[in-house]
Amino acid sequence: MTNQELLQRSLAAVWHPCTQMKHHENFPLIPIARGEGVWLYDCDGTRYLDAVSSWWVNLFGHNEPRIKAAIAAQMDSLEHVMLAGFTHEPAVRLSEQLAELTGLGHAFYGSDGASATEIALKMSAHCWRNLGLPEKNRFVYLENSYHGETLGALSVTDVAIFRTAYAPLVQENFCAPNPDWRQAAEGESAEDVAERAAQALEKIFAENHERIAAIILEPLVQGAAGMAMYHPHYLRRVRSLCDKYGVHFIADEIAVGFGRTGTMFACEQGGIRPDLICLSKGITGGYLPLAAVLCGDDIYRAFYHDETARGFLHSHSYTGNPLACAAALATLAIFRDDRIVEQNAAKAVRFDALFGELANHPAIRNWRRTGMIWAFDVAGVAAGFAQRFFEAALAQGLLVRPIGNTVYFMPPYALNEEEAGLLAAGTLVALDQTI
Ligand SMILES: *Cc1c(COP(=O)(O)O)cnc(C)c1O
């Protein structure tokens, strides 16, 4: 298809996500025909540097030969079988490897991030019910949190634009202050902000723990909030508060897992182990939809019983899809073979130097980085900044999609220095054109 044909037919037949479709009367869709490394190409060969990893899912770049080969090889033996009553090697091997990486030995699979959130919330509340505490069925979430957009996930998501229209459909839960270090008062450190947020959390736990099943949070970086970053002290405090008050700790590592924050999982930087971890997005390197919720023996044992109804009866048709598990196994093999976490640490420091001029731009506030996520806020921008910047960046050959007045880079790890240089230079041009 040509670019033009693709656009017309898409607008007629495809309802695009997270979009007011009428806006496409003024802002064209971007047709994409293929991807290679950090680049996306349209039908005419115009290319865009994918600085957001296609909504944070792509890890090593597009068209990764090892993941492709693993999926193809799996396709030769088994494309899918139901995981209730049946099992297969890719699901077993993936569960074992995730257990080794997280210390949580029981893997339950879903199809996307929001389904992982639903699974974790249901698993936590059902666990308490099985333990004779059915009134523990509410959750604590953080200000500006994002955990997906199905109804359960929305009940722990604090982004008005996603939530307001559906508020009557959503259970009331407890919202706790977040530890975003940008809230630091004069003389206050990031750790002080984290401590303050932990004290506010303790108040909620102390008053309501008999009704609270779990707290769910995005460790270290609240992505959809606009890459709000915080001190790992908060994770340690949450862990000890959860132990003190008998509340499950659900770590939503859907966006921050798989090396994004500089360690394989963000929780490692707090030196803590949550009770439940939600994984998705990068788990298949960006190839196929897959999610996993991992828990330890204590939660698992609470369901293990002669009675069927005490089991966790949740299911999705594609639970543990073998092709997706094969892609995930190939992704984990790349982490080992290419020593990705170590390589990224060195890369990020080199990129910091390349981004220096940008970081010192007078319009920029709160320049920040955690692992392979860079972000900054732009001061004093008029309404519509995100859309104007997005278009100006596209004209520079960049896919950079601000959240409000926050511009961020969350690139595929394949990004090299030349490409990082192009990203910095193009972002500077787009910034000067839009402020
Ligand atoms: C993207 C995301 C989700 C939801 O994942 P989907 O696959 O879009 O449903 C949940 N939590 C976090 C932290 C995310 O970034």
What is the distance in Å between the Cα centroid of region 313-351 and that of region 172-245? 28 Å
Net charge of Cβ neighbours under 14 Å - reference residue 6; Lys, Arg +1; Asp, Glu -1: -1
How many angstrom lie between the C-alpha centres of region 46-83 and region 356-435? 26 Å
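More than 23 angstrom separation, counting every C-alpha pair in region 340-431; what % is that?
Looking at region 340-431, the distances longer than 23 Å represent 18 percent of pairs.
Of the listed peptides 380-389, 277-286, 242-251, what is their order by residue-averaged count of other C-beta atoms within 10 Å, with the highest listed first? Don't skip to the answer; put the middle values down first.
On the way: 380-389: 14.3, 277-286: 27.7, 242-251: 21.3.
With the highest mean Cβ count within 10 Å placed first, the list reads 277-286, 242-251, 380-389.
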With θ taken as phi - 60° and the coefficients 6.51, -1.76 and 1.60, list the Karplus ³J(HN,Hα) couplings across region 230-237 in order, rounded to whole Hz; mark glycine and proline as x. 8, 6, x, 3, 4, 5, 5, 5
Could you give the nm distance between label points at residue 240 and residue 89, where each point is 7 Å from its Cα heading toward the beta carbon? 4.7 nm
Quick query: amide H of residue 367 versus all other amide H atoms, modeled in the peptide plane; which residues come in under 5 Å with a sequence gap of 5 or more or a different chain? 377
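Please report 233, 23 as a ranked list, fewest other C-beta atoms within 10 angstrom at the top and most at the bottom. It would help to have the intermediate numbers written out before the result.
Working: 233 19, 23 10.
Fewest-to-most Cβ neighbours within 10 Å comes out as 23, 233.
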Can you spot the lysines whose alpha carbon is less than 29 Å from residue 347's alpha carbon? Ignore those fewer than 8 places along the same chain. 68, 281
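What translational diffusion coefficient, to the nearest whole µm²/s, does region 65-337 have by Stokes-Einstein, given a Kirkwood radius computed over alpha-carbon pairs, a temperature of 4 °C and 1.567 mPa s viscosity?
Working: Rh = 19.0 Å.
D, rounded to a whole number, is 68 µm²/s.
Taking the Cβ of each residue in 15, 55, 39 as the centre, tally the other Cβ atoms inside 10 Å and list the residues starting with the fewest.
Details: 15 8, 55 14, 39 19.
So the residues, fewest neighbours to most, are 15, 55, 39.
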The answer for the net charge of residues other than residue 279 whose Cβ lies under 12 angstrom from its Cβ, with Lys and Arg +1 and Asp and Glu -1, is -1
HN-Hα couplings for region 273-283 via Karplus (6.51, -1.76, 1.60; θ = phi - 60°), in whole Hz with x for Gly/Pro, come out as 10, x, 7, 9, 10, 9, 10, 6, 6, x, 4
Amide H contacts under 5 Å for residue 248, placed H, 5+ residues apart: 214, 215
Less than 10 Å Cβ to Cβ from residue 58, Lys/Arg counted +1 and Asp/Glu -1: what total charge do the surrounding residues give? -1
Volume per residue of the C-alpha convex hull in region 282-412, rounded to whole Å³: 206 Å³
For a footprinting-style exposure proxy, rank 368, 93 by other Cβ within 10 Å, fewest first. 93, 368
Along region 109-121, what does the Karplus equation 6.51 cos²θ - 1.76 cosθ + 1.60 (θ = phi - 60°) give for ³J(HN,Hα), rounded to whole Hz, x for Gly and Pro? 9, x, 10, 7, x, 4, 5, 5, 4, 4, 4, 5, 5
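Antiparallel DSSP bridges in the chain: what percent, to the nearest 5? Kindly include the intermediate steps, with their values, before the conclusion.
Values: 28 of 43 bridges.
That works out to approximately 65 percent antiparallel.
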So what's the Cα pair-distance distribution over region 224-328, bin width 10 Å, in %? 13, 36, 34, 16, 1
Residues whose built amide H sits under 5 Å from the amide H of residue 110, excluding neighbours closer than 5 in sequence, are 291, 292, 293, 320
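Every read-out reported here was derived from the displayed coordinates using simple, explicitly stated rules and does not represent laboratory data. Fair warning: this is a prediction, and the values are worked out from it, not measured in the lab. Virtual Cβ from ideal backbone geometry, glycine too; neighbours counted across all protein chains shown.
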